Amino acid sequence: AAFEGRYFFSQEMHAAVIDSYVHRRNCEQTGKGYHQLTDREQQVFRLLIEGNSTAEVAKLLCVSIKTAEKHRTSLVKKLDISSPVEMMKYAIRIGLVDPETWRN
């Protein structure tokens with residue numbers, strides 16, 4: 001295979017590469033909704049999953065609470081999720097948060 005200019009992988013490596021590709025494709029497909037959010041909505045989403053309240057998000061982004069609420073409402077509608085737990089599950093599913101890096 002190498003002589004012909006193709007890649008050569010052991011069976012274990014071949015399986016790992018395919019698994020990685022499939023996982024990445026699944027994350028991309030699940031993350032499409034996230035990528036439809038505006039940059040500001042993505043910022044708000046990330047701040048919310050970090051545990052910030054809407055008022056704290058407003059303060060951190062130097063916007064009014066009403067503006068932060070509008071961004072939150074918009075992203076909730078686009079992603080069809082509302083609770084903080086659902087937001088965290090979604091963030092983990094699309095690879096935005098890696099639970100393996102959390103400390104006990």
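Cβ-Cβ distance of Gln43 and Thr73, R₀ of 25 Å, FRET efficiency by 1/(1 + (r/R0)^6): the value works out to about 0.95.
Here the extension length gained between Cys62 and Thr101 equals 11.1 nm, from 0.36 nm per residue of separation less the Cα-Cα distance. Other residues lying with their Cβ under 12 Å from the Cβ of Ala68 contribute a combined charge of +2, Lys and Arg counting +1, Asp and Glu -1.
FYI, it's all coordinate maths here, none of it is from the lab. Since the model is a prediction, treat every value here as computed from it, not as a measurement. FYI the Cβ positions are ideal-geometry reconstructions off the backbone, even for glycines, and counts take in every protein chain you see.
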